[in-house]
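Worksheet: the structure to be examined is printed underneath.
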Amino acid sequence: MKQKSFLLVAILFILLAACDNANQPSDPTATPVSDFLIAPALAPGDNGLDLVFQGGGAKGLAHIGAIKSLEEQGRTYRRLVGTSAGSIVAVLLAAGYSANEMEAVITERMPDGNIIMGSFLVPPQKDEFDEQQLRNSIIYRSFQDVLPEFVPDFASEELDLDAVNLLLDSPEYRGLFSLLEEGGLYSGSGFVDWLAEQLDRDGRDLGGATLAEFHDATGADLTIVATDTNNGIMLMLNHRTAPDLPVVWAVRMSTSIPFVFQEVAWWPEWGAYLGQDISGHLIVDGGTATNLPLALVLSQDEEIMAAMELQPDPARVIGLVLDQQSRLPGLEMTPTPRAALNVDALEDQRIEQRWQQIEQRTLNVVDTLLNAHDNLLAATYPQHVCKLPVGGIATLEYDMSDEKIGKLLAAAGAEMSDCLARLEK
């Protein structure tokens, strides 16, 4: 055991030495959003559509193009269901955002030119880990195993803590530490603040709302999908099932891509889920249960119907699928390369490239698992599926050019129009 621990610590010191000169990410403060174009928002209505938004990271921008098409046709919605990136679109739509407003806030760019959503893809800051977390970590315990036995316990503990703190000076190591101890490379903490700001914008004052308060204020029937890893079950988060849960944290949990973003522990003050206390349970991306939750608006299962309340009406159900097999017209065959995090030295660039390879390998595994299930659902319910073309867009490609975003939205809007025509024949 001691030999293995020594090897682990040695590897980590080598990593720290290699990363010592890596710079911090650019300032996440974004430039102000320009004035929104005036357009009517998609409104709720008893005779509207049940819209189900699939998850898919940056590919989820395609949903905005589909919503533009629905707005142009004067459609309404009855229910909104979203997973992961789809939950972001669903909550903004429920808050009264038009497609143009959504496009403005989601594609808002920072001073360095990158879309603001990409600013959340950074390792946690050092002060996000408290001393107790450090002392409970596997790395701290590994240091305890390898220090010479003649070092007094009180001195050994301080030396171990100093060593861990030294490693945490490296952003790459903080990401690895976050992965080992919190389940994800990135904290996602900035996302919660950003979403709360958007829900407060223009007098909405919904940033601190619970799901029950959000429903009372908007009248929208919104369900966000997440996964409880302790119980191994899908969570259908809405004002009926988890009324005291803050809406921003429901979305944060739904977007917790495994191994990419930290898991979220359910706080006691968030109340019960379907009457059950799940305090302390670790919650992750809803896509691990279902990335295309069509069953929530189609199933006759008693538990699902109790959570969703309204009777299924298949004639009004549309699942918006992010179809990676359909490429955008005129789009290059490969995604835009991820920008390095403000590094100059060649060695730093190599480290950043290797970091992105690790990140992409993780996402490839996750995407494969999610898409296998979604492909089966799409084949099972073809009459309820609208496939939005996103081929050539990567899950974390938040630095797309404006031209590429325009093509993505236009193609999604055109497909939504064609899809509605097919479904209504």
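The values are calculated or read from the model by the stated rules, or taken from the named source; none is laboratory data. Remember, it's a predicted structure, so these values are computed and weren't measured experimentally. Counting neighbours? That spans all protein chains shown, and the Cβs are built from the backbone with ideal geometry, glycine included. Heads up: the accessible areas ignore ligands, DNA and RNA and are worked out on the full protein's heavy atoms, side chains in. Shrake-Rupley method; radii C 1.70, N 1.55, O 1.52, S 1.80 Å.
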Pop out the carbon and sulfur fraction of the accessible area of the stretch 73-143 as a percent, whole number, probe 1.4 Å. 46 percent
How large is the accessible surface per residue of the stretch 36-88, computed with a 1.4 Å probe and reported in Å² as a whole number? 30 Å²
Under the Karplus curve 6.51 cos²θ - 1.76 cosθ + 1.60, θ = phi - 60°, whole-Hz ³J(HN,Hα) for the stretch 393-403, x wherever Gly or Pro sits: 10, 8, 4, 10, 7, 8, 10, 5, 6, 4, 4
Computed over the stretch 266-330, protein heavy atoms only, probe 1.4 angstrom, the accessible area per residue in square angstrom equals 46 Å²
261, 177, ranked by accessible area, largest first (probe 1.4 Å): 261, 177
Sequence-distant residues sharing a close amide H with residue 77 (under 5 Å, placed H): 43, 45, 49
Distance between Cα centroids, the stretch 192-251 to the stretch 86-117: provide it in whole Å. 17 Å
Once Rh for the stretch 72-145 is found with the Kirkwood sum over Cα pairs, what is the Stokes-Einstein diffusion coefficient at 25 °C and 0.890 mPa s, in µm²/s? 150 µm²/s
Applying the gyration tensor rule to the Cα atoms of the stretch 254-307 (axes a ≥ b ≥ c; rounded if a/c under 1.5, else prolate if a/b exceeds b/c, else oblate), the class is oblate
Separation of the residue 310 and residue 424 label points, Cα + 7 Å toward Cβ, nm: 1.8 nm
Set the Förster distance to 30 Å, then compute FRET efficiency between residue 76 and residue 197 from the Cβ-Cβ distance, nearest 0.05. 0.65
HN-Hα J couplings of the stretch 227-240 from phi, Karplus 6.51/-1.76/1.60, θ = phi - 60°, integer Hz, Gly and Pro as x? 10, 8, 6, 6, 8, x, 10, 7, 9, 9, 8, 8, 5, 8
Accessible surface, 1.4 Å probe, highest first, among residues 68, 404: 68, 404
Given the convex hull over the Cα atoms of the stretch 41-113, what projected area results after averaging over all orientations, in nm²? 4.7 nm²
Rounded to the nearest percent, how much of the accessible area of the stretch 179-264 (1.4 Å probe, protein heavy atoms only) is carbon and sulfur? 47 percent
